[in-house]
Every structure is written in C-alpha cells, then in structure tokens.
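One structure is given below, encoded as structure tokens.
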Amino acid sequence: MSRYAAIGTALALVLTTCLGARPASASGEEEGDGPIRLYTTAMAGPIGSINSAGQVAIDGRPFIGSRSLWGGEVIQAPPDRSVRIGFDGIGQVTLNRGAQARFSAGRAESQLVLVASILSGDVKISLLQEAGAYVRASGSTFTASRGADFLVGVREGEASLSTLSGVVEPGGQAAQRQYKLRPVGLGSSISVRARSTRQIQIQVTDENDKPVPDLPVLFLLGGAGGQSAGSLSAGAVAGSSVTATTNGQGLATVSFTAGPNSTTDSLTARVEGTDNSTTLQINVSRGVGFWSTRNSLIILGAVAAVGGAAVAASGDGNGELRPVPPPVVNP
C-alpha cells in the first residue's frame with residue numbers, strides 16, 4: 001500500500017503537465033516561479049492507438065478508423081456506442097457511450113503509469129500487471145495498483161469509483177496552484193445571433209492576480225441533450241471542446257460559431273489538470289430583420305390605404321369630393 005501512496009504523491013500534479021503537453025520543470029526552481037516539479041518521465045512516441053468502426057471525436061474532430069495516440073488528445077465516444085483504446089504496455093480503456101476523457105502516460109519508479117482525466121461519462125480502465133494508473137475526475141483523484149480493473153465516472157459534476165479487481169485508493173484533493181479565470185469584456189451571459197461568430201477571451205491569473213502565460217485552457221460546450229448551441233474553434237481545431245494556450249497577457253482565445261436555432265447552452269473554461277474554471281451562459285437567438293412578416297403587412301396595408309384615399313378623392317364626376325376612410329389593416 002505504501003508503494004501506491006508513493007506513486008500517488010509522485011503524480012500529484014502530473015495532469016498539469018502531461019495532459020497539457022508541457023514539460024516538467026527542472027530542479028532548482030523556486031516555488032511559484034513555474035510549474036511544480038514532477039517525478040515522472042513522459043513516454044516518447046505514441047502511447048497507444050484507437051480503432052473504431054463508428055465516428056469518434058478526437059479534439060473535437062470526427063474520426064473513423066485507426067489512429068495512433070500521442071497523449072493529450074480529448075477523446076469523446078459517440079452517444080450510441082462505446083470506444084476501446086489500447087495503451088502499449090499499460091492496458092486497455094473503454095469509454096462508455098458519450099464519455100469524454102484525456103490520456104497521457106509516463107513512468108514512475110520504473111513502473112508504467114496511465115494518467116487519465118475523466119471529463120464526463122463512465123470510463124473503464126483495465127491495467128496490465130506491470131502498470132499502474134493515476135486518474136483525476138471532477139476534483140477527485142485515484143491511484144490504482146498494478147493490474148487493477150476499475151470504473152470511474154463523472155455525472156453532474158460528481159465523481160464515482162467502482163473497483164472490480166486490484167486496489168484503487170482515493171487520493172483526495174491533489175495539491176495544485178490556484179488560478180483565477182475571468183471573461184474579458186463579457187458578463188456571465190453572452191448573446192449571439194444565429195449563424196454568427198463571436199470571439200471569447202478568458203484571462204488566467206495566479207493567486208497574486210498576475211497573468212499566467214503558456215497555460216492550456218480547455219473550453220467545453222455543455223450541449224444539453226447532446227445538441228450544443230454551436231461549435232468552438234481554436235486555430236485549426238474545431239468542435240464542442242477545444243484547448244487554447246494563454247498568451248503573454250494570460251489570455252486564452254477561442255471563437256464561438258452559433259448554430260441556426262434559438263437555444264441556450266453553457267460554456268466552461270477550465271485550466272487543464274486543475275479544478276479552476278469559470279462557466280458562461282450562451283444565448284443564441286434568431287435575429288429578426290426589418291422585413292419581417294409583420295412589418296411587411298403593415299407597410300403594404302399603408303400603401304393600399306394611401307392609394308384608396310387618392311382614388312376616392314378624385315370625385316364622382318360632379319365636381320364633389322367625398323372623403324373615404326382608409327381600409328383597416330390588421331397586422
């Protein structure tokens with residue numbers, strides 16, 4: 001048991017770097033000057049592969065077939081089927097219907113370790129006898145022994161654990177740097193017209209309100225009932241979830257493109273590997289222009305009324321003018 005506790009301690013902040021594709025800091029750094037030191041070694045080359053006959057979303061992009069995984073990709077299973085992922089020398093992971101997760105891998109004390117961040121849904125992890133795992137799910141952390149078989153889920157912001165075999169110990173709240181996320185130029189609610197695009201910026205600062213550069217921020221649309229209000233994009237990547245890196249001012253920028261229908265959705269921005277996040281509400285409305293059906297009827301009715309009054313005022317042939325009231329138009 002002490003061995004598993006040691007692994008958990010060594011990996012306490014591994015998600016901040018491994019899942020964010022950032023290197024561990026070198027020794028000799030002062031506390032607070034940069035990423036907290038890790039005692040794991042990232043694996044070089046692909047860490048596994050995915051083979052799916054159905055459509056899977058990888059970093060928000062639809063994909064069917066076989067593909068190698070290098071670590072850090074956001075993988076989402078379709079709503080109607082599960083997806084299996086094989087990790088070399090580590091084991092197998094199954095994402096149940098609609099589940100979304102991110103994976104990386106490394107070594108700790110000469111042991112292969114799977115590092116997983118469960119974003120939503122249920123994920124089953126089956127380890128080989130020579131591999132362990134460290135899992136983070138909605139603020140909870142779990143350290144698994146070699147060869148463990150277990151299920152971790154995230155539903156309505158709560159994490160759950162079901163151990164099938166081996167030992168899986170709750171690791172509690174992992175120590176981590178604290179960040180503040182604030183929308184720039186926006187309130188807690190954003191109004192966007194249908195089929196239009198709007199830029200969204202989130203600034204990340206540290207405990208001293210100083211901007212934090214080079215930090216991966218995950219943007220995730222809520223998508224009530226599986227239908228989101230639109231899509232996000234960051235660079236060449238687009239989908240319901242994208243990752244943007246903060247610049248020198250601590251700003252992470254994405255674009256939101258609204259769909260064709262009026263709806264309401266949520267957008268969550270979270271510093272990867274932490275619980276630090278902020279959630280905005282997006283209201284998409286179908287804009288009504290001046291030439292709506294109602295306005296058209298009113299204008300046509302007014303034109304008809306003017307024309308009718310002019311004809312009536314022309315008289316009856318005896319030189320008398322008889323005023324005639326305009327027709328009543330009910331818009």
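Between Asp206 and Ser189, residue separation times 0.36 nm minus the direct Cα-Cα distance comes to 3.7 nm.
Label-to-label distance, Gln92 versus Ser266, with points set 7 angstrom from Cα along the beta-carbon direction: 3.4 nm. Cα convex hull, region 124-164: 47 Å³ per residue, rounded to a whole number.
Rounded, prolate or oblate: which fits region 54-201, taking a ≥ b ≥ c as square roots of the Cα gyration tensor eigenvalues, rounded meaning a/c under 1.5, else prolate when a/b beats b/c? Write down the numbers at each step before the final one.
Details: a/c = 2.08, a/b = 1.50, b/c = 1.39.
Taking the square roots of the gyration eigenvalues as a ≥ b ≥ c, region 54-201 is prolate.
Highest average first, the peptides 185-196, 243-254 ordered by how many other beta carbon atoms sit within 10 Å of their residues are 243-254, 185-196.
Using the Cβ-Cβ distance between Arg81 and Ser277 with R0 set to 35 Å, the FRET efficiency from 1/(1 + (r/R0)^6) comes to roughly 0.75.
Taking region 180-204 and a reference point 7 angstrom along Cα→Cβ of Ala238, the backbone N atoms nearer than 13 Å belong to 195-198.
No lab work stands behind these numbers, since they all come straight from the coordinates. From a predicted model like this one, the values you see are computed outputs, not experimental measurements. A quick note on method: Cβ atoms are made from the backbone with ideal geometry, for glycine too, and the neighbour counts reach across all protein chains shown.
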